[in-house]
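Presented below is the structure to which this report refers.
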Amino acid sequence: MADAQHGLVFPADPDPAADGTPRRSTTATGRGVVADALRPVDEVGARAVERETAWRTQYLTWFRRLVEAGLATPDDAVAVARAGLDSLHARMRVVTDEGDVPLTEWPRPSAGEGGTGSGFGQVEMHGAGERAEELVLPYRGERLRGDDVRRQVERWVGAGVVEPTLAEAIDAVVAHPEWLRLEDHTVAVVGAGSEMGPLQALTRWGARVAAIDLPREDVWERASDTAVAGAGTVVAPAVDGRPGADLLADVPALADWLAEQPGTLVVGNYVYADGATNVRVSTAGDELSRRLLEARDDTALAFLATPTDVFAVPGEAVEQALAGYAGRGRVSKGLGRPLRTLSGGRLLQRPYAGPADPGLNDSLVPQQGPNYALAKRLQRWRATTARYDGRLVSMNVAPPTRTRSVVKNRALAAAYAGAHRFGVEVFDPSTSNVLMAAMLVHDLHTGGGPRHEHPWQDEAYAAAHGGLWRTAYSPRSALGLAALLGVGAARG
């Protein structure tokens, strides 16, 4: 990759490439991190991961095992999360003029413009629009307000598209429109240009946002337009008046800059990149969060979890999915048998082996790869450990969404286009964006939402999984067929 030798990088292999440049194995790092995460509670599993020779095809098994291993007790879940984070931070490196250094030794910047010591100046963009006084949810060409929002969420609950607790959370936001402004907060949106990020919603509601993204003209043109159209204030780190920062290279400077922002600081990690770079930027975002947790007692964290992962889910979700499987019509049952036979049992499998509380939902998608899985899992690990340590955390499962990163992958685009045939609703970005921003607002005003005994219950609260937890078939076994059925729609 073009930027493989700058900023935060994977560790170098012992043997360099023929031209002398370091080889940096993503497989060795990912496998090592998963093994280390399992080791405190599942030594047998850890040793098996270390012996795994087909990581890129078999990683699905081990990412599932990470969740299973943490289910016995809350302490087990925290131990897995903490060991995984420690391993990743111990392994990753930062390229400097003197060579690679450990992540924990990332050098701090020298004093920069403005005398702040961060190396960054600051630009401010102020909204000229009228502040939205209530939650307005875009949905299929309509703009829902008040009771219409509540009714739509209840329809999603009835269809198994979201967990029932989402209705509680959104009802609270609808009932308290004054929450939307997030007075006395600064929300750092790391990945300000992300389609799933809350920049547009927050500025419309009048919030103060610290926007962080690459110093690219197209990114900041959009951000500026968003800020001016809104009713809040957007600040951004800047060099020579030009906004933007490189998360892979600038974490120490960004940590110093954000540490000086007024109000309660919320660090929202919404970064995404393709392939191995996704692990790098996600680790950089995590290191930024870690430093700010140390620097400021009032730092809160925010994340969006992908629904295409492994989650422990409530027994009620398992029951609904199994009832759907048992209640299939004659045609569905008739077609299911030959399809399972022809596919070697891979298509249209039972959603769960049997009743369980919690059950284990495995919605990992092989096409997304082990680097994507690790990047998203480390965010869940940080949410678990930070919440355990008493910090305010907003971590919500976001619905399957037709973002640019999804639709450019042909297999995923086709699967999403056909997913409705199996009870899975794929959301438009505009709907997901506002819904998840509303959940952020809810969490910041309720201490991170209700406290639960086990971390899996915190993750399941108000999850907007799109139906993947309650569909009548194992998601991975249905999405392959959904892709075949959705090819034409995806091309359209």
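The values are calculated or read from the model by the stated rules, or taken from the named source; none is laboratory data. Since the structure is predicted, the reported quantities are computational estimates derived from the model, not experimental observations. Every residue, glycine as well, gets a Cβ built from its backbone with ideal geometry; the counts of neighbours run over all protein chains shown.
Quick notes on this one:
- Answer residue from the range 296-316, given it is part of a strand (DSSP E or B) and touching a Gly at 6+ places or on another chain (Cβ under 6 Å) and is surrounded by the most Cβ atoms within 10 Å (Cβ to Cβ) among those: Ala302
- Residue count, the range 419-469 (criterion: farther than 25 Å from Arg181 by Cα and among the small types (Gly, Ala, Ser)): 5
- Filtering the range 258-290 to residues that are of a type in the set (S, T, N, Q) and touching a strand residue (DSSP E or B) at 6+ places or on another chain (Cβ under 9 Å) leaves Gln261, Thr264, Asn269, Ser282, Thr283, Ser289.
- Residue in the range 31-43 that is acidic (Asp, Glu), in the same structural domain as Leu66 (by TED's automatic domain parsing) and part of a loop (DSSP other than H, G, I, E, B) present: yes
- For the range 407-460, the tally of residues that are assigned to a loop (DSSP other than H, G, I, E, B) and among the polar types (S, T, N, Q) stands at 2.
- Qualifying residue in the range 386-398 (condition: of a type in the set (Ser, Thr, Tyr), over 19 Å from Pro366 (Cβ atoms) and part of a helix (DSSP H, G or I)): yes
- Qualifying residue in the range 84-94 (condition: in a loop (DSSP other than H, G, I, E, B), under 30 Å from Asp250 (Cβ atoms) and touching a Leu at 6+ places or on another chain (Cβ under 7 Å)): yes
- From the options Asp76, Asp15, residue that is out of contact with any Phe, Trp or Tyr (no Cβ under 7 Å at 6 or more places or on another chain), farther than 26 Å from Gln367 by Cβ and in a helix (DSSP H, G or I): Asp76
- Meets criteria (under 17 Å from Ala305 (Cα atoms) and touching a helix residue (DSSP H, G or I) at 6+ places or on another chain (Cβ under 6 Å)) for Met436: no
- Checking each residue in the range 250-275 for being modelled with pLDDT under 95 and small (Gly, Ala, Ser) picks out Ala273, Gly275.
- Annotation note: of Arg56, Arg39, the sole residue that is within 26 Å of the chain's Cα centre (by Cα) and surrounded by fewer than 16 Cβ atoms within 10 Å (Cβ to Cβ) is Arg56.
- Meets criteria (assigned to a helix (DSSP H, G or I) and not acidic (Asp, Glu)) for Thr53: no
- Pair list, Cβ < 8 Å and 6+ apart or interchain, from the range 228-241 residues that are touching a residue at least 24 places away in the same chain (Cβ under 8 Å) and buried (at least 22 other Cβ atoms within 10 Å of the Cβ) to residues that are assigned to a helix (DSSP H, G or I) and β-branched (Val, Ile, Thr): Gly230/Thr203; Gly232/Thr203; Val234/Thr203; Val234/Thr226
- The set of residues in the range 49-72 being under 17 Å from Glu459 (Cβ atoms), in contact (Cβ under 8 Å) with a residue 40 or more places away in the chain and of a type outside the set (Asp, Glu) consists of Phe63, Arg64, Leu66, Val67, Gly70, Leu71.
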